[in-house]
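Student: What follows is a single structure, and I will ask about it in a moment.
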Amino acid sequence: FNVERAKLFDRQHKQLAVDREGRTSKYNSYSDTEVSLTPNETVYIVSYLLPLKTVRNAATGEFTFSWHPGYTSNTSSRHAMYVLEKLHNLNAKVQICYIGWLGVEVAPEQQDEVSETLKRDFQCLPVFMSTTQARDFQDFTDSILRPIFHFVAPTEPEMCTTYTTHHSAPVSEEATPAGPRSPRKQDSTGSKWLMYNKVNLMYVEPLVERFNDGDVVLVFDMELTMVPSIVGSRCRSANVGYVFSTPFPSSDIFRMLPSRKEIMRSLLNSDMIHFQCFTYARHFLTCCSRLLGLEYHSIRGGLAQVNFNGHRVQIRASHVGMDTKTLVQNLTTDPSVREHKALWRDRIAGRRVVLGYDELEPMSGITLLLTSCQSLTNLFPSILGNVVWVIVAIPLTGSDGRQLH
């Protein structure tokens, strides 16, 4: 939240540029007025999961909560959770409010109490989903969105079961000992794409109840691609930023998604879209051009701008940095670090170490790392016995608590 980003978020400081001949230009420029976030303003952080650790007492049924990065126990991106954790430090400058799912189902009679506790102690607005809703939502993101956003085309049966409405076959009347059986109604469960939209709407409802003009809304990752359009229709004065912690595929891959245009139009309701590197931003701009026929151009500050129905969307590419101060502090003061250091010093015994740190899921690239290790040993057999490969794999669990993959 430096001055330049605040200028981009605040529409009041946007003005049309005027060229040398006094004509208004289609390109945007921004005034040099100092812009800062005040303690009275609110930044809403909307993410699939809240950065909280939730524990339920099996005996009493009560919940206890604590701040937690979250990436060791669920399917949320660890990069996104790292950003969410660091945004918590902005509480001294501005009001921070988190919106997301707890990762567990909460009974209806407990939802009011849980909401009040999270609002009072953690500045969090929870989204309550049933086990069925969470399962269908995760199935859509894991089987459709996640492969496509990682440049893998899903299979045709997956598309059919996700975007079609399933009906059970009608049952004819049959004689039973108790009399004739009445016809059973068709069971329409709806498509998982409709469930995905319904869940995205559930994430916006807590925001609408508390929103004030000019508040900033930051939306994270592919689980909530439809949130910007819903926020734009219900909170027109919101300053919406969308952050991609995942890759963005090329247009050849993204066009395989049946809901490609709906997702693109929703994302373009944001004021700024943030990507991890320029390649992903370029893929997004190409999709805007080829799928929607939109024009884009570069503006000062290293940004790209897309004009969507008169709305100017800023595209930015920059990496998530490391909090080196906290990292060095933990390395020098955490006693568990010293214990592991001594343990690995004895096990390595002067050999070189190749370290891999990935989530335990098919898109993480663990298989490519193992293949590269095999190729390296085949090319240089002399390194055998002198190199140690250490692969740290983070297990992921679904909404039902089962380990995935």
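The values are calculated or read from the model by the stated rules, or taken from the named source; none is laboratory data. Fair warning: this is a prediction, and the values are worked out from it, not measured in the lab. In this analysis, Cβ positions are derived from the backbone assuming ideal geometry, glycine residues included, and neighbour counts consider all displayed protein chains. Heavy atoms of the whole protein, side chains included, go into the accessibility calculation; ligands, DNA and RNA do not. Shrake-Rupley method; radii C 1.70, N 1.55, O 1.52, S 1.80 Å.
Student: Which whole-number value in Å² is the accessible area per residue of the stretch 244-318, probe 1.4 Å?
Tutor: Value for the stretch 244-318: 41 Å² per residue.
Student: Pulled fully out, how much extra length does the chain show between residue 278 and residue 339, if you take 0.36 nm times their separation in residues and subtract their Cα-Cα distance? If you can, show how the numbers build up before the last one.
Tutor: Working: separation 61, 0.36 × 61 = 21.96 nm, distance 4.00 nm.
Computed gain between residue 278 and residue 339 is 18.0 nm.
Student: Arrange the peptides 222-229, 40-47 so that the one whose residues have, on average, the most other Cβ atoms within 10 Å appears first.
Tutor: 222-229, 40-47
Student: Also, quick follow-up: Give me the one-decimal nm value for the distance between modelled label points at residue 236 and residue 369, 7 Å along each residue's Cα-to-Cβ direction.
Tutor: 5.0
Student: Order of 94-105, 358-369, 314-325, 233-244 by packing, highest average Cβ count within 10 Å first?
Tutor: Ranking, from highest mean packing down: 94-105, 233-244, 358-369, 314-325.
Student: Pop out the ³J(HN,Hα) list for the stretch 113-129 in order, Karplus 6.51 cos²θ - 1.76 cosθ + 1.60 with θ = phi - 60°, rounded to Hz; leave Gly and Pro as x.
Tutor: So the J values, rounded to whole Hz, are 5, 5, 4, 5, 5, 5, 5, 6, 9, 10, 6, 10, 10, x, 10, 9, 10.
Student: May I pose another question? Past 32 Å, Cα to Cα, is the threshold; run 53/198; 93/198; 53/261; 53/93; 119/192; 119/325 against it and keep the listed order. Kindly include the intermediate steps, with their values, before the conclusion.
Tutor: Working: 53/198 25 Å; 93/198 34 Å; 53/261 36 Å; 53/93 25 Å; 119/192 30 Å; 119/325 30 Å.
The pairs that break the limit, which is 32 Å between Cα atoms, are 93/198; 53/261.
Student: Another question about this same structure. Would you kindly derive the ³J(HN,Hα) couplings of the stretch 145-152 from the backbone phi angles with the Karplus curve 6.51 cos²θ - 1.76 cosθ + 1.60 (θ = phi - 60°), listing them in order in whole Hz, with x for Gly and Pro?
Tutor: Calculated HN-Hα couplings, in order: 5, 4, x, 5, 5, 10, 6, 10 Hz.
Student: Go through 349, 311, 294 and say which Cα lies farthest out towards the positive end of the charge dipole of the stretch 280-352; charges sit on Cβ, +1 for Lys and Arg, -1 for Asp and Glu.
Tutor: With unit charges placed on the Cβ atoms, the residue in question is 349.
Student: Right, another one. Determine, from the Cβ-Cβ distance of residue 346 and residue 56 and an R0 of 60 Å, the FRET efficiency 1/(1 + (r/R0)^6), rounded to the nearest 0.05. Present the calculation step by step, with values, prior to reporting the outcome.
Tutor: Values: r = 40 Å, r/R0 = 0.67.
Computed FRET efficiency for residue 346 and residue 56 comes out at 0.90.
Student: Also: So for the pair residue 378, residue 210, with labels modelled 7 Å out along Cα→Cβ, what separation do we get in nm?
Tutor: With each label point 7 Å from Cα toward Cβ, the separation is 5.6 nm.
Student: Apply the Karplus curve 6.51 cos²θ - 1.76 cosθ + 1.60, θ = phi - 60°, to the phi angles in the stretch 358-365 and return the couplings in whole Hz, x for Gly and Pro.
Tutor: Running phi through 6.51 cos²θ - 1.76 cosθ + 1.60 with θ = phi - 60° gives 9, 6, 7, 8, x, 8, 7, x Hz.
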